[in-house]
Amino acid sequence: MVRTYGELYRQVRHALEEEEGENAAFAARELLQFVTGRDQATLMAMQGLFAPEEVAERYLELAERMLAGEPLAYILGQWSFYGLNLTVSPDVLIPRDDTMAVVDLVLERREHLPATPRILDLCTGSGCIGLALASQIKGARVTLADLSPAALKIAKKNTVDLRLTARVSCLTADATKPASRFLGQFDVVISNPPYVTRQEMEALPRSVKNFEPAMALFGGEDGLDFYRAIARNFTAAIKPGGYLALEFGQGQEDAVCWILEAWDYEILKLQQDAGGITRAVLAQKKERD
């Protein structure tokens, strides 16, 4: 059946409404741009033109994948975070706007950092947090660390694509094990660690539960295993007076702050995300004589 681009778009938008809700129009546009290689303005001008059958088939095929729960970001193979275009795959979490809160906390503190601060992005995944900081703090030397070889491969690709290899390096590190001494000490350690509880894992949307890496989601029975581990294992990797910035799940702020205070950190600020949910904390390692 021969259809115009406009008819195809409206068909897919309507089909996606139940799965995507108010995001259906955005998803339908993104998929059509991806399939055709045309920008939105060009496609608007092409609405009345008939689409080649192979384009229509490919477009509808990708829509079916979304209807089966596959996230748009994995279909496109890329996603935007803090103005950066990043490669993503099912080996890494999809960067979310929520995570901008933890980046903002560090950027607000940049005047208190050295001219060339050392920053460690632990449990880096796609590298989105560390790469955002490297792009915003021009003198920063950033280390992206993850236990997953597949995730590190994505982080390295993003580093290369963004032309940040002169200041950004990638290495294997396990947040649940003591930090290697060869790492030295950092001015900032920042992380969006796994924080989903066992009970919450069962209730995750299928687009998350069936497609995003469980390794990057599950934070133990209470969701706090990685906060305890990072405080225990990486406090020694932070310079006295240095900073630890962490993202956490909804309602976890009191427990996370308690863990950090028990390890002799001063809580400087809690940050909300765009939805008004308290999402991140900035803490300072106390200086001792």
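Tabulated values for the structure
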| quantity | calculated |
| --- | --- |
| Any chance A155 is in contact with a helix residue (DSSP H, G or I) (Cβ under 9 Å, 6 or more places away or on another chain), part of a helix (DSSP H, G or I) and on the phi < 0 side of the Ramachandran plot | yes |
| Among (1) in contact (Cβ under 8 Å) with a residue 12 or more places away in the chain; (2) in a helix (DSSP H, G or I), the one test that V160 misses | (1) |
| Residue tally, condition assigned to a helix (DSSP H, G or I) and not aromatic (F, W, Y), over the range 170-224 | 15 |
| Sole residue being within 20 Å of the chain's Cα centre (by Cα) and at pLDDT 95 or above, chosen from E266, E200 | E200 |
| Any chance D187 is open to solvent by less than 20 Å² (accessible area, probe 1.4 Å), in contact with a helix residue (DSSP H, G or I) (Cβ under 7 Å, 6 or more places away or on another chain) and among the acidic types (D, E) | no |
| Meets criteria (over 21 Å from S169 (Cα atoms) and out of contact with any strand residue (DSSP E or B) (no Cβ under 8 Å at 6 or more places or on another chain)) for A63 | yes |
| Yes/no for G125 being within 18 Å of F226 (Cβ to Cβ) and not acidic (D, E) | yes |
| Output for the range 205-229, where each listed residue is surrounded by 20 or more Cβ atoms within 10 Å (Cβ to Cβ) and either among the hydroxyl-bearing types (S, T, Y) or at pLDDT below 95 (or both) | Y227 |
| Per-region count, the range 167-184, residues more than 16 Å from D146 (Cα to Cα), surrounded by fewer than 13 Cβ atoms within 10 Å (Cβ to Cβ) and touching a strand residue (DSSP E or B) at 6+ places or on another chain (Cβ under 8 Å) | 1 |
| Residue count for the range 233-289, restricted to those that are in contact (Cβ under 8 Å) with a residue 40 or more places away in the chain, in a helix (DSSP H, G or I) and farther than 25 Å from E111 by Cβ | 2 |
| Residue selected from the range 106-150 under the condition outside any loop (DSSP other than H, G, I, E, B) and among the hydroxyl-bearing types (S, T, Y), by the criterion surrounded by the fewest Cβ atoms within 10 Å (Cβ to Cβ) | S135 |
| Test: residue in the range 75-97 that is in contact (Cβ under 8 Å) with a residue 40 or more places away in the chain, within 19 Å of A274 (Cβ to Cβ) and among the β-branched types (V, I, T) | yes |
| E202, sole failed condition from (1) closer than 22 Å to Q272 by Cα; (2) open to solvent by 30 Å² or more (accessible area, probe 1.4 Å) | (1) |
| Near pairs, Cβ below 8 angstrom, 6+ apart or cross-chain, from the range 209-223 (in contact (Cβ under 8 Å) with a residue 40 or more places away in the chain) to any residue that is part of a helix (DSSP H, G or I) | F211/Y74; P213/A151; A216/A151; L217/M201; L217/V208 |
| Residue count, the range 40-64 (criterion: farther than 14 Å from M1 by Cα and hydroxyl-bearing (S, T, Y)) | 1 |
| Members of the range 160-204 found to be touching a Gly at 6+ places or on another chain (Cβ under 7 Å) and of a type in the set (F, W, Y), listed by number | F186, Y195 |
| Qualifying residue in the range 153-163 (condition: more than 21 Å from G77 (Cβ to Cβ), hydrophobic (A, V, I, L, M, F, W, C), at pLDDT 95 or above and open to solvent by less than 20 Å² (accessible area, probe 1.4 Å)) | no |
| Filter pass, A24 being touching a Leu at 6+ places or on another chain (Cβ under 8 Å) and in contact (Cβ under 8 Å) with a residue 24 or more places away in the chain | no |
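The values are calculated or read from the model by the stated rules, or taken from the named source; none is laboratory data. For clarity, every value in this text was computed on a predicted model and none was experimentally measured. Methodologically, a virtual Cβ is constructed for each residue, glycine included, from the backbone with ideal geometry; neighbour enumeration extends over all protein chains shown. For accessibility, only protein heavy atoms count, side chains too; no ligands or nucleic acids. Shrake-Rupley method; radii C 1.70, N 1.55, O 1.52, S 1.80 Å.
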